[in-house]
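Read through the structure below, which is laid out as structure tokens, and then see the notes.
The values are calculated or read from the model by the stated rules, or taken from the named source; none is laboratory data. Bear in mind the structure is a predicted one, so any value in this text is a computation, not a measurement. As a convention, Cβ positions derive from the backbone with ideal geometry for all residues, glycine included, and neighbour counts pool all protein chains shown.
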Number of protein chains: 4
Amino acid sequence: MPRPRSDDKRNAILAAATRIIVTQGLGAPTVLIAKEAAVASGSLFTYFETKSELFNQLFLELKTEMALTAMKGFPEGAELREQLLHVWKNWMNWALSFPEKRRAMAQLGVSGEITPATRATVSKAMAPITELMQRARETGPMRTASMAFVLTLINSVAEATMDFIAQDPANAKKHSKGGFEALWRMVV
Amino acid sequence: MPRPRSDDKRNAILAAATRIIVTQGLGAPTVLIAKEAAVASGSLFTYFETKSELFNQLFLELKTEMALTAMKGFPEGAELREQLLHVWKNWMNWALSFPEKRRAMAQLGVSGEITPATRATVSKAMAPITELMQRARETGPMRTASMAFVLTLINSVAEATMDFIAQDPANAKKHSKGGFEALWRMVV
Amino acid sequence: MPRPRSDDKRNAILAAATRIIVTQGLGAPTVLIAKEAAVASGSLFTYFETKSELFNQLFLELKTEMALTAMKGFPEGAELREQLLHVWKNWMNWALSFPEKRRAMAQLGVSGEITPATRATVSKAMAPITELMQRARETGPMRTASMAFVLTLINSVAEATMDFIAQDPANAKKHSKGGFEALWRMVV
Amino acid sequence: MPRPRSDDKRNAILAAATRIIVTQGLGAPTVLIAKEAAVASGSLFTYFETKSELFNQLFLELKTEMALTAMKGFPEGAELREQLLHVWKNWMNWALSFPEKRRAMAQLGVSGEITPATRATVSKAMAPITELMQRARETGPMRTASMAFVLTLINSVAEATMDFIAQDPANAKKHSKGGFEALWRMVV
DNA sequence: CATGAATGAGTGTTCATTCAT
DNA sequence: AATGAATGAACACTCATTCAT
């Protein structure tokens, strides 16, 4: 994978794709994405081999950003609940700050466009969070359930909360807290 | 007295659409759906005005079926937990019995093809279940959260559990129970 | 050509076609014509083998009616100018009374749907009028031109006048007279 | 610096459309027109947004060309009759030289595809000719008729003559002269 | 490398005609 | 004969991708 010349242009395309996906869905023509990025339609394909490739990269980028954001300022020595809450707050804050990214990510996640390879890479980026969740459930009521199932459940609660925040940002704080308590009761 | 419009044919198209959506996604050509239903390509459009209309009807049909199934044999006088468990079991059982319906429903739900009108009708079909959930949270820890938020959360746990059952049917019982307990802890 | 059972239904279809052609053009679906005629879509084809056949019959019917109307009350013994004027007035009157027929006829005439056979039959129906025109030009300035050419010219003036009357019926009388005088000067 | 949009290609499409319209009518598939123009089917739509737009542009192009041709070498100082005859000859010559253009133009003119906007633009292109006609009738027998009516009449005679020339080119000269004299008698 | 015109397979939908009832 | 559902070929237009400039 040779890096294409301009990272700026690459990022412009990714950002444009995010916006377009939110307003037009994944079926939006690549020309539209290119136009939104102020780039020639053909140029899109020098940065991403195919439309599908663009979507996979975007998904990876978004998930990675989300994971990094979640772990920012992680309180290493603190108690579990504080750690979990810290991550949760970062997470919800990101969803509140970048609702478009959140929505595009959700759409991409269920689209069937995302390859197993991409999902695997995403998993790696999520590793620190996964590990935290693992510690969280270790002694709780779900200690005998399969970890994959627990992660699915946790993820679904997080996504639901983020979706709700995205569509009712006025009560973001309240929903964030409610979601966290629900998660805590469920797992710990 | 021409050939009357046949419910059989309508159902064949809906069933075919379900199968095709699972294997090919919502972008699948209508000809394919028609062929799978053993019907001429044009006939699809005597039963559904547009592809989008077909998808909306299918979504409605699936959701309604799911809701009806969930309430089957509802123990009117029983305790809340038993009632909730009854619905939950029916629900998960349906997901286990008709994994394709479940998957198609999930895809349609996030597709942007479903109109607000359809969603409103679905809400009505879900009313008895909604009411039960309402009673469940009434005295629990989420009693002050907005009902819409609680429903979103409950729904997400249910969907996550169904998804998990669909992809690991061998442990369906275990996952079903795990999901229910998580839900119970979360809400009641 | 076996006569179909009901002449009423046949006429209803022809009348409906006239109306539909005016509002929707010749590309209008046969179902529409059938509906306008209050007849089942399939029935149209028991009265006319094909859509094209329907158009040919309609054209013939309209032209024949127009020709018959034009000759109604023809003053056998009168002078040429009076005879010509009589025909002309009948003609223009018909166009004024049935603008839809006139418009449909015009559309059909240029459509490429009308077969030479139909045109030949029309010619026969127009024979008395043609003959009159022939007498008219006999001693006039166009006596050496080919009759076909003269007929084309006359026809075009008549059609132009009818079109103009159809779109400005308020001045029908004036236009009719103007057209006739123009014709007279041209031919006689 | 990509391939620039080529006027050649645009013209090839217009010319192809002219030919196809004559042989297949306005219902001819766009693929056929594209093939005739030696262009990919999709390319047609980079030059003309819709089939209808193509037809409108073609009509405009043909009418404009016809009007320009008619005024070529106009004898400014000459007498009215000579001026009129000059225009008439140019006109008929054009019809004789490009019978396909003439036929396509006629079909388009009555098709219902041509928008009022296009007709208005055409009117402008015809202005010099219209003005000439205006001067012609000024003192003649039609001086009290509405100009629009006179124009319609003149036009119909011209079109009829062109049609006749197109289908009997051997006697083009004779028909041209005959048509002109008829016009002259009618108007001047 | 940037540009946007060129390409042509692919799609939803229409509609004349047929045919089961 | 009447009805209108069934059929499938046909068609305008789109769009991911390529490539001449």
Original post:
Could you say whether any residue in segment A:154-167 is farther than 20 Å from A:GLU79 by Cβ and in a loop (DSSP other than H, G, I, E, B)?
Top reply: no
Subject >> Criterion (more than 14 Å from chain D (Cβ to nearest Cβ), within 18 Å of C:ILE129 (Cβ to Cβ) and surrounded by fewer than 14 Cβ atoms within 10 Å (Cβ to Cβ)) met by exactly one of C:GLY42, C:GLY73 >> reply: C:GLY73
Original post:
Here are D:LYS101, D:LYS173, D:LYS124: which of them is of a type outside the set (A, V, I, L, M, F, W, C), more than 25 Å from D:ARG81 (Cα to Cα), in a helix (DSSP H, G or I) and away from chain C (no Cβ under 12 Å)?
Top reply: D:LYS101
Original post:
Any residue at all in segment C:125-141 that is surrounded by 14 or more Cβ atoms within 10 Å (Cβ to Cβ) and free of Cβ contacts under 8 Å to residues at least 12 places away in the same chain?
Top reply: no
Original post:
Just checking, which of D:THR118, D:THR130 is assigned to a helix (DSSP H, G or I), away from chain C (no Cβ under 14 Å) and within 19 Å of D:LEU14 (Cα to Cα)?
Top reply: D:THR118
Original post:
In segment B:91-116, how many are over 13 Å from the mean Cα position of the chain (by Cα) and free of Cβ contacts under 8 Å to residues at least 40 places away in the same chain?
Top reply: 2
Subject >> Of all residues in segment B:1-18 being surrounded by 19 or more Cβ atoms within 10 Å (Cβ to Cβ) and away from DNA strand F (no atom under 15 Å from the Cβ), the one that is nearest to B:GLU100 (Cα to Cα) >> reply: B:THR18
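Restricted to segment A:23-74, and to residues that are among the β-branched types (Val, Ile, Thr) and modelled with pLDDT of 95 or more, which residue is farthest from DNA strand F (Cβ to nearest atom)? Don't jump to the end; show me each part of the working.
Restricting attention to segment A:23-74, the residues satisfying the condition of being among the β-branched types (Val, Ile, Thr) are A:23, A:30-31, A:33, A:39, A:46, A:50, A:64, A:69.
Now narrow it down to the ones that are modelled with pLDDT of 95 or more: A:30-31, A:33, A:39, A:46, A:50, A:64, A:69.
Working: A:THR30: 4, A:VAL31: 6, A:ILE33: 8, A:VAL39: 12, A:THR46: 8, A:THR50: 4, A:THR64: 23, A:THR69: 30 Å.
Only one residue fits best here, namely A:THR69.
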Subject >> Search result, residues across segment D:142-170 that are more than 7 Å from chain C (Cβ to nearest Cβ), without any contact (Cβ under 8 Å) to a residue 12 or more places away in the chain and among the hydroxyl-bearing types (Ser, Thr, Tyr) >> reply: D:THR144, D:SER146
Original post:
So D:LEU183 clears everything in (1) touching a residue at least 40 places away in the same chain (Cβ under 8 Å); (2) within 13 Å of chain C (Cβ to nearest Cβ); (3) under 30 Å from D:GLY27 (Cα atoms) except one condition, right? Which one?
Top reply: (3)
Original post:
Quick check: is even one residue across segment B:167-175 more than 17 Å from B:ASN93 (Cβ to Cβ) and surrounded by fewer than 18 Cβ atoms within 10 Å (Cβ to Cβ)?
Top reply: no
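Might you check whether a residue that is within 14 Å of chain C (Cβ to nearest Cβ), within 16 Å of DNA strand E (Cβ to nearest atom) and either of a type outside the set (Ser, Thr, Tyr) or exposed (fewer than 13 other Cβ atoms within 10 Å of the Cβ) (or both) occurs anywhere in segment D:57-69? I'd like the intermediate steps shown before the answer.
Applying the first criterion (within 14 Å of chain C (Cβ to nearest Cβ)) to segment D:57-69 yields none.
The answer is no; no qualifying residue exists.
Which is within 20 Å of the chain's Cα centre (by Cα), assigned to a helix (DSSP H, G or I) and within 23 Å of D:ARG119 (Cβ to Cβ), of D:LEU26, D:LEU54? Write out each step before concluding.
On the way: D:LEU26 fails: assigned to a helix (DSSP H, G or I).
Answer to the check: D:LEU54.
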Original post:
Can you name every residue in segment A:19-36 that is surrounded by 14 or more Cβ atoms within 10 Å (Cβ to Cβ), farther than 24 Å from A:ALA166 by Cα and of a type outside the set (Val, Ile, Thr)?
Top reply: A:LEU32, A:ALA34, A:LYS35
**OP:** Check off (1) closer than 20 Å to D:ALA158 by Cα; (2) of a type in the set (Phe, Trp, Tyr); (3) assigned to a loop (DSSP other than H, G, I, E, B) for C:TRP184 and give me the number that stays unchecked.
**Re:** (3)
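Could you tell me which of the residues B:THR118, B:THR144 is crowded, with 16+ Cβ neighbours inside 10 Å and out of contact with any strand residue (DSSP E or B) (no Cβ under 6 Å at 6 or more places or on another chain)? Can you show your working first?
Working: B:THR144 fails: crowded, with 16+ Cβ neighbours inside 10 Å.
Going through B:THR118, B:THR144 in turn, the sole match is B:THR118.
In this structure, is C:GLY112 outside any helix (DSSP H, G or I) and either within 12 Å of DNA strand E (Cβ to nearest atom) or at positive phi (or both)?
Working: outside any helix (DSSP H, G or I): yes; either within 12 Å of DNA strand E (Cβ to nearest atom) or at positive phi (or both): yes.
Answer is yes for this residue.
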Original post:
Just wondering, is there one or more residues in segment C:80-88 that are of a type in the set (Val, Ile, Thr), more than 23 Å from C:TRP184 (Cα to Cα), in contact (Cβ under 8 Å) with a residue 40 or more places away in the chain and assigned to a helix (DSSP H, G or I)?
Top reply: no
Original post:
Residues C:SER41, C:SER97, C:SER52, C:SER6: which one is closer than 30 Å to C:ALA136 by Cβ and either within 11 Å of DNA strand E (Cβ to nearest atom) or of a type in the set (Ser, Thr, Tyr) (or both)?
Top reply: C:SER97
Original post:
In this structure, does C:LYS9 turn out to be of a type in the set (Lys, Arg) and under 26 Å from D:SER111 (Cα atoms)?
Top reply: no
**OP:** Scan segment B:9-38 for residues that are within 14 Å of another protein chain (Cβ to nearest Cβ) and more than 12 Å from DNA strand E (Cβ to nearest atom) and jot them down.
**Re:** B:VAL22, B:THR23
**OP:** Evaluate the following for C:ARG10: is it basic (Lys, Arg), part of a helix (DSSP H, G or I) and at pLDDT below 95?
**Re:** no
